Amino acid sequence: AEESPHRVPQRYPHASVDSPTFGHRSLSRLSPQYPHLQTETLVAARRLGSISPLPLSTAKQLFGNTVIARLIDLRLAREFEVTGQPSVAVSPLHVAAIDNAQVGEASEEEDKRFRSRLETMWRAGYPVGEVASISLARELINDGRELNPSRIRLLLAAARSLNRLGDP
């Protein structure tokens, strides 16, 4: 990068887990509107941002068709393909902007309920995506819950993903 800065990519590759390619224009266009948007939309955007990219079918089950459609229409969320299946993601930039505006706060109890729904969906066999499975696995470890065979499967899947991403 020091020797030839013009050859350094200006953004992460499309397959990068943390930041799918989003335009910065939509962020500046939306930021003033955050206080006027519905709270549930902003909460969904924040939650989806923390576990995206999430397969579209799972996202619609978790948040509802209308919320996902609203996020995509507002350009808060972007649809693209991850390993051959349609997925949806919210940019970390948008999540940071929502946090800075201090709008759409969710209570701790609501967050717990959401996490348990996500875990229930994972157990039911819905694809939840790498980031969501890693965060579920981290929660399992932090809570110190007892391990049963399904939870061990989750931990192994998360470990494989982290290993592939170069994050031991």
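Going through the stretch 47-65 one residue at a time, which ones are out of contact with any strand residue (DSSP E or B) (no Cβ under 8 Å at 6 or more places or on another chain), within 22 Å of Ser107 (Cα to Cα) and assigned to a helix (DSSP H, G or I)? Hits for the stretch 47-65 are Arg47, Ser50, Ile51, Lys60, Gln61, Phe63.
Can you pull out every residue in the stretch 112-131 that is in a helix (DSSP H, G or I) and hydroxyl-bearing (Ser, Thr, Tyr)?
Ser116, Thr120
Across the stretch 89-110, the qualifying residues are those that are of a type in the set (Val, Ile, Thr) and farther than 10 Å from Tyr34 by Cα, and the one among them that is least open to solvent (accessible area, probe 1.4 Å) is Val90. Filtering the stretch 94-111 to residues that are over 16 Å from the mean Cα position of the chain (by Cα) and part of a helix (DSSP H, G or I) leaves Asn100, Ala101, Glu108, Glu109, Glu110.
Checking each residue in the stretch 50-88 for being open to solvent by less than 50 Å² (accessible area, probe 1.4 Å), touching a residue at least 24 places away in the same chain (Cβ under 8 Å) and not hydrophobic (A, V, I, L, M, F, W, C) picks out Ser52, Pro53, Pro55, Thr58, Ser87. Return yes when Ser91 is touching a Phe, Trp or Tyr at 6+ places or on another chain (Cβ under 7 Å) and at pLDDT 90 or above and no when it is not. No.
Among the residues of this structure, Arg145 does not count as one that is surrounded by 13 or more Cβ atoms within 10 Å (Cβ to Cβ) and at pLDDT below 90.
The values are calculated or read from the model by the stated rules, or taken from the named source; none is laboratory data. Fair warning: this is a prediction, and the values are worked out from it, not measured in the lab. FYI the Cβ positions are ideal-geometry reconstructions off the backbone, even for glycines, and counts take in every protein chain you see. To get the accessible areas, we keep the full protein, side chains included, count just its heavy atoms, and leave off ligands, DNA and RNA. Shrake-Rupley method; radii C 1.70, N 1.55, O 1.52, S 1.80 Å.
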